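What follows is calculated from the coordinates using simple rules that are stated; it is not laboratory data. Predicted model, so just to flag it, every value in this text is computed and none were measured. Positions of Cβ are backbone-derived with ideal geometry, glycine not excepted, and every protein chain shown enters the neighbour counts.
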């Protein structure tokens, strides 16, 4: 199927690895020009090289910026130029007891997980509306609907992201612009893989055994395995395409059946 993404330009925040990298690769394969992002210039350059090798002939560039620093985001926006597709992917997560989450932790998570999308969308949405076409996609989580007890700060910020996407969609009425949020389920991204490995080492388990135990302990998962980043990216490609024109203001599930309720 032709996703009609040739001549479209996309920016993906937090895309040197994991879900963001998979999204960049998938969009490149559909003919879109892609700009990726990470905190460190060296990692951005390496990811650009890797994508060029995986998708020969693809148009890919990178801009380093740390989304904990508003001034760095402003510098990014000053150099980014026009974008047809914005994927708000950058985010933080960690396991932490609620009583140990400090005010500084809450502010830090809100700054990255919510304000990154606010700043990027505020800058790019007006241009999309003026042009009469555009896509803004938030990479959310089922944790924004079913807040985890051991990651309350993460879940609350993902709920905020979901609300932000819903509000922005109302600004696109009657245009060719859409704003949607993906509710991803347990995905074996680089960050999750590193966390599982660290916990396994600390507790003396084999990484694969702990990985199986974690997903096996999720009693609502219909997939009964971790989702792969490429599986999330496949849905993003559709939502980024002109083919998804009737989907706007939606929370689209790619959760492997983890959420037990209908939305």
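Any residue at all in segment 164-185 that is buried (at least 18 other Cβ atoms within 10 Å of the Cβ), in contact (Cβ under 8 Å) with a residue 24 or more places away in the chain and assigned to a loop (DSSP other than H, G, I, E, B)?
Looking for residues that are buried (at least 18 other Cβ atoms within 10 Å of the Cβ), in contact (Cβ under 8 Å) with a residue 24 or more places away in the chain and assigned to a loop (DSSP other than H, G, I, E, B), one finds at least one in segment 164-185, hence yes.
Looking at (1) in contact with a helix residue (DSSP H, G or I) (Cβ under 9 Å, 6 or more places away or on another chain); (2) without any contact (Cβ under 8 Å) to a residue 12 or more places away in the chain, which one does residue 219 not meet, given that it meets all the others?
(1)
Considering only residues that are exposed (fewer than 15 other Cβ atoms within 10 Å of the Cβ) and assigned to a helix (DSSP H, G or I), which ones fall in segment 206-233?
207, 208, 209, 212, 213, 216, 230 - these are the residues of segment 206-233 that are exposed (fewer than 15 other Cβ atoms within 10 Å of the Cβ) and assigned to a helix (DSSP H, G or I).
When segment 115-151 is examined, which residues are found to be farther than 21 Å from residue 248 by Cβ and surrounded by fewer than 17 Cβ atoms within 10 Å (Cβ to Cβ)?
Residues satisfying the conditions are 146, 147, 148, 149, 150.
Collect the residues in segment 39-60 that are farther than 16 Å from residue 14 by Cβ and touching a residue at least 24 places away in the same chain (Cβ under 8 Å), keeping them in residue-number order.
54, 55, 58, 59
If we keep just the residues of segment 144-162 that are touching a strand residue (DSSP E or B) at 6+ places or on another chain (Cβ under 9 Å) and free of Cβ contacts under 8 Å to residues at least 40 places away in the same chain, which is farthest from residue 179 (Cα to Cα)?
Per the stated criteria, the residue is 155.
If you go through segment 117-159, how many residues are in a helix (DSSP H, G or I) and in contact with a helix residue (DSSP H, G or I) (Cβ under 7 Å, 6 or more places away or on another chain)?
Summing the residues that are in a helix (DSSP H, G or I) and in contact with a helix residue (DSSP H, G or I) (Cβ under 7 Å, 6 or more places away or on another chain) in segment 117-159 gives 16.
Go over the candidates 48, 112 one by one and state the one that is surrounded by fewer than 21 Cβ atoms within 10 Å (Cβ to Cβ), assigned to a helix (DSSP H, G or I) and in contact with a strand residue (DSSP E or B) (Cβ under 6 Å, 6 or more places away or on another chain).
Of the residues listed, the single one that is surrounded by fewer than 21 Cβ atoms within 10 Å (Cβ to Cβ), assigned to a helix (DSSP H, G or I) and in contact with a strand residue (DSSP E or B) (Cβ under 6 Å, 6 or more places away or on another chain) is 48.
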